[in-house]
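Just so it is clear, none of the values below were taken in a lab; they were calculated from the coordinates. The structure presented is a predicted model; accordingly, all values stated were derived computationally and were not measured. Because the Cβ atoms are built from the backbone with ideal geometry, glycine has one as well, and the counts that use them run over all protein chains shown.
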Amino acid sequence: MARLAHMLLAAAMGWGQGQPVPSERDLQRAVAAHPRDPRPHTEYGIFLMQQDRVSEAIPQFQTALDLNPRSPDAVYNLGLALLHNNQAQAALDALDKHPAATADYFALRGIVLNALNREPEAVQPLRRAVALDPNNPDSLYDLALTLAKTGADAEASALLKKGRQRFPKVAKIHAASGMMLYAVGQNDQAVRAYEQAVQLEPDAADLFAALGDAYDATGNLTKAEGAYARSLRLEPSNAACQVKYGRNQIKLQNPRKAEAAFQQALVHDAHNADAHFELGKLANASSNTAAAISHFEQAVAANPSLKAAWYQLSLSYHRAGQEEKSRAAKEQFQKLP
């Protein structure tokens, strides 16, 4: 939402709509020539945001707000820049000091509260944002996810169902609906939602990975393989998806492809506990106990809460005749919930 809002800010200035983007020198001259006019400060701030120079943009937006403290756009710009700069509390302070009654203001307030892990408080401003601007899919999306985080799954699902009808061309609405459906085991419906999402955003690696999970949950392993493979073509460095692809290959009885996927995951994340765990199981299956122990040890070192790895490590130590280590690993397994 924050990135999209940033784009909308730039559009509001007329840039990209037939008017050329001014140079930085021109913007600096405008600020110097009209230091008491908030507009050149705003324009320069937006330019800096587009250049990913957020920390430099903040003083420009702050000056614009100081010059026009009742401007909803000014407080919105400053709050958005602070949020981009990982200063969520400062963004909330600015929004509290300069309240407004616009949909953008309430939407940003909800996002900031979410960033501060204050989801229950974020619900109300996001509701206001949706009520004030019902044609904005971003606010609906943010509200639905916030409701889900607060345990209001039924309301979130109903909101997303309406959202898919109202915004049939917005991929993330379908994706969020797929996520909710998958979470409650409605996997066939989740598949359809994710299929719509990837049709709308065919370059979204994360959506193809989620679609693969949904296919897997319905038992369609071949389609899951295709979805994971597509995700990895788009983002080959994604270690988590490499692990998913490897597990899919095990189900398809392709252990060599599975091992290659797990090894590739470690290329991108040497301490990936799941990859080490799966490689340990493959090593055990081929009676390579020493390799299994090594992988299971690395798995529990990377994730001490990985209960299954402690159990497998205990068994592997036992096979190797290391009874004291086997008992210690079993004790760790039994301590975990």
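Give me the dipole magnitude in Debye, nearest 20, for the chain about the Cα centre, with unit charges on the beta carbon: positive for Lys and Arg, negative for Asp and Glu. If you can, show how the numbers build up before the last one.
On the way: 35 positive and 35 negative charges, 132 e Å.
Dipole about the Cα centre, nearest 20: 640 debye.
Quick check on the exposure proxy: order HIS295, HIS268 from fewest to most C-beta atoms within 10 angstrom. Before the final figure, lay out each step's value.
On the way: HIS295 27, HIS268 14.
So the residues, fewest neighbours to most, are HIS268, HIS295.
Could you work out [θ]222 nm for the chain from helices alone, using -39500 (n - 2.57) per DSSP H run of at least four and dividing by all its residues? Round to the nearest 500 deg cm²/dmol. Mind dumping the intermediate values first?
Working: 20 runs with 259 residues, N = 337.
So the helix-based figure for the chain works out to -24500 deg cm²/dmol.
Which of rounded, prolate or oblate describes region 34-99 when judged by the alpha-carbon gyration tensor and an a/c cut-off of 1.5? Numbers along the way, then the final one.
Working: a/c = 2.25, a/b = 1.05, b/c = 2.14.
Oblate.
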Original post:
Between GLN253 and GLU324, what FRET efficiency comes out of the Förster formula 1/(1 + (r/R0)^6) with R0 = 41 Å and r the beta carbon distance, rounded to 0.05?
Top reply: 0.65
Original post:
How far, in degrees from 0 to 90, does helix 239-251 lean away from the longest principal axis of the Cα atoms of the chain, to the nearest 10?
Top reply: 40 degrees
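Can I get the semi-axes of region 2-236's equivalent ellipsoid? Compute them from the C-alpha gyration tensor as square roots of 5 times the eigenvalues, in angstrom, largest first.
Each semi-axis is √(5λ); the values are 38, 21, 14 Å.
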Subject >> 18 Å Cα-Cα threshold exceeded, pairs from LYS223/LYS251; LYS281/LYS335; LYS307/LYS330; LYS251/LYS307 >> reply: LYS281/LYS335; LYS251/LYS307
**OP:** Rank ALA115, GLY219, VAL75 by how far each Cα sits towards the positive end of the charge dipole of the chain (+1 on Lys, Arg Cβ; -1 on Asp, Glu Cβ) and give me just the farthest.
**Re:** GLY219
Original post:
At what distance in nm do the modelled label points of SER237 and ALA154 sit from each other, each positioned 7 Å from its Cα along Cα→Cβ?
Top reply: 4.5 nm
**OP:** Working from Cα positions, state the angle (0 to 90°, nearest 10) between the long axis of helix 221-234 and the longest principal axis of the chain.
**Re:** 50 degrees
